[in-house]
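Note sheet for the following structure.
The values are calculated or read from the model by the stated rules, or taken from the named source; none is laboratory data. For clarity, every value in this text was computed on a predicted model and none was experimentally measured. Using ideal geometry, Cβ is built from the backbone for each residue, glycine included, and neighbour counts are taken over all protein chains shown. Just the protein is used for accessible areas: all its heavy atoms, side chains included, with ligands, DNA and RNA removed. Shrake-Rupley method; radii C 1.70, N 1.55, O 1.52, S 1.80 Å.
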Amino acid sequence: MAAAQRLLVDIHTHVYLPRYASFLRSRTAAPRIFSRTTPQGLTEERLLILEGEPSEGRPVGPQYWERDEKLRFMDKHGIDVSVVSSANPWLDFLPAATAHSLANELNVDLEAYCSTSPGVPGSMLRRLYGFGLLPLVPEVAVSSLLETVQQIAALPHLKGIIMGTRGVGRGLDDERLEPVWAALEKAGLVVFLHPHYGVDGRAWGEKENGHVLPLALGFPFETTIATTRMILAGVLDRYPALKLLLAHSGGALPQLSSRLASCIAHDPAVTARLQHDARFYLGRLYFDAVAYGSEELGFVSDVIGRAGKYAERGASAAASRDGGAEQRRRGSARVLFGTDHPFFPPLGESAKWKSVVENLEAIDGVWGWGDAEKQAVRGGNALALFDLHSS
Ligand code: 5CU
């Protein structure tokens with residue numbers, strides 16, 4: 001195995017670039033960063049970004065914006081390369097003109113953050129690459145979005161974009177996004193689809209459960225719904241080469257894809273609309289491995305690996321039954337290691353972050369993946385998806 005193939009590559013790792021953090025500090029409404037005095041008389045900064053979050057927010061610090069902190073975290077966990085993305089809520093809350101100029105400035109900042117990062121010993125790679133930002137807000141002109149796609153495509157260390165689920169206000173099945181999908185596909189940029197809004201908070205009831213329900217369930221369901229709407233709108237039929245990477249292992253989509261296919265087959269409004277059975281499209285997607293369990297990762301790779309059997313609409317469910325280990329191995333090619341840093345820090349003192357260790361152990365423990373598949377999920381798949389071999 002070539003040395004580059006043994007690298008550990010983190011494709012789900014966030015930053016609030018200094019310019020963005022300053023912007024959040026200038027705000028008086030969420031999303032915002034504010035300072036307060038602790039009972040011990042110290043000044044601390046707090047972050048308020050999620051809807052319904054208690055008004056005291058949560059601690060925020062240099063691990064969110066300082067590049068040396070990112071590199072230290074990578075060193076501590078043996079991560080060679082990170083493909084860094086801005087954390088939610090991106091530019092979603094801004095007027096179009098501000099979103100456009102800030103997106104352009106932050107893309108330049110991120111290119112500098114990555115291009116001046118240390119090299120990976122023994123290779124031509126740098127340690128940091130990035131996902132840029134588009135000014136995806138209501139009222140934005142399509143020309144502003146297309147201009148920013150071109151800006152990102154021309155920045156050599158930016159390999160994709162990160163986006164939320166609202167698009168330009170009506171979600172990702174909105175026809176107004178058609179030229180954007182076309183431009184992203186043509187540029188070969190990876191689209192990292194990431195949640196922020198969750199689902200209707202009334203579903204969480206009245207008990208105090210911290211962030212558990214919105215993060216464990218709301219985030220993944222948001223991704224599930226957004227991706228399903230893209231499938232139903234035919235986006236994946238029209239842009240077959242679009243590289244769409246789903247956060248949190250695609251949420252519930254792998255578990256629900258046969259039910260989705262059945263609902264489509266029984267619904268006169270949509271049954272003739274798609275070129276393929278819904279399960280086929282899972283083989284077109286990429287999934288991060290931020291699932292924290294071997295069984296879940298194994299299952300995700302099963303449903304990816306069986307997707308080709310559903311190329312024909314109306315293919316029988318029996319088609320998937322002879323899959324076994326080969327199917328699981330095939331599916332592993334679209335699963336990529338991630339950490340979600342700097343979110344999910346350990347609650348107490350610890351040498352390594354539990355959230356990282358668990359995701360690495362999950363990869364290691366997947367039944368049916370051999371060394372080659374595990375190494376591909378740890379890094380080889382990312383090198384291929386982001387075309388980092390030649391960088
Ligand atoms: O803990 C959280 O709120 C988050 C978040 O907002 N975004 C994310 O990517 N992970 C965790």
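Things to note:
- Cα centre as origin, Lys/Arg/Asp/Glu Cβ charges: segment 21-66 dipole, Debye: 140
- Accessible area expressed per residue, the chain, with surrounding protein chains retained (probe 1.4 Å, Å²): 43
- Between the listed residues 203, 233, 223, the Cα displaced farthest toward the positive end of the dipole of segment 197-242, a dipole computed from Cβ unit charges relative to the Cα centre, is found at 233.
- Probe 1.4 Å - accessible area at residue 44, Å² to nearest ten: 50
- Over 20 Å between alpha carbons, listed pairs 186/243; 186/374; 76/354: 186/374
- Listed residues 21, 141, 272, most fluctuating in the chain (Gaussian network, C-alpha, under 10 Å): 272
- Pairwise Cα distances in the chain exceed 29 Å in 42 percent of cases.
- Mean separation of Cα contacts under 8 Å, 6 or more apart, over the residue count of the chain: relative contact order %: 16
- Dipole in debye (nearest 20) - segment 1-120, about Cα centre, beta carbon charges: Lys, Arg +1; Asp, Glu -1: 160
- When +1 charges are put on Lys and Arg Cβ atoms and -1 charges on Asp and Glu Cβ atoms, the dipole computed for the chain relative to its Cα centre reaches about 420 debye.
- Cα convex hull volume per residue for segment 1-147 (Å³): 142
- Accessible surface of segment 320-369, 1.4 Å probe, proportion on carbon and sulfur as whole %: 53
- Residue of 266, 196, 14 that the Gaussian network model of the chain assigns the largest fluctuation, springs spanning Cα pairs under 10 Å: 266
- In straight-distance terms, cross-link reach from residue 159 covers every one of the aspartates and glutamates whose alpha-carbon lies under 13 Å from its own, apart from those fewer than eight places away in the same chain; here that gives 111, 185, 387.
- DSSP H segments from the chain that extend 27 Å or more along their own axis, Cα-based, with Kyte-Doolittle mean of -1.0 or above: 96-115
- Dipole of the chain, positive direction: furthest Cα of 162, 250, 383, with charges on the beta-carbon: 383
- Stokes-Einstein D (µm²/s) once Rh is taken as the Kirkwood radius of segment 206-258 over alpha-carbon pairs, at 25 °C in 0.890 mPa s: 198
- Efficiency of FRET from Cβ geometry, residue 216 and residue 139, R₀ 22 Å, rounded to 0.05: 0.05
- Tensor-based shape of segment 110-239 (alpha-carbon gyration tensor, a/c under 1.5 rounded, otherwise prolate or oblate): oblate
- Between the listed residues 187, 263, 146, the Cα displaced farthest toward the positive end of the dipole of the chain, a dipole computed from Cβ unit charges relative to the Cα centre, is found at 187.
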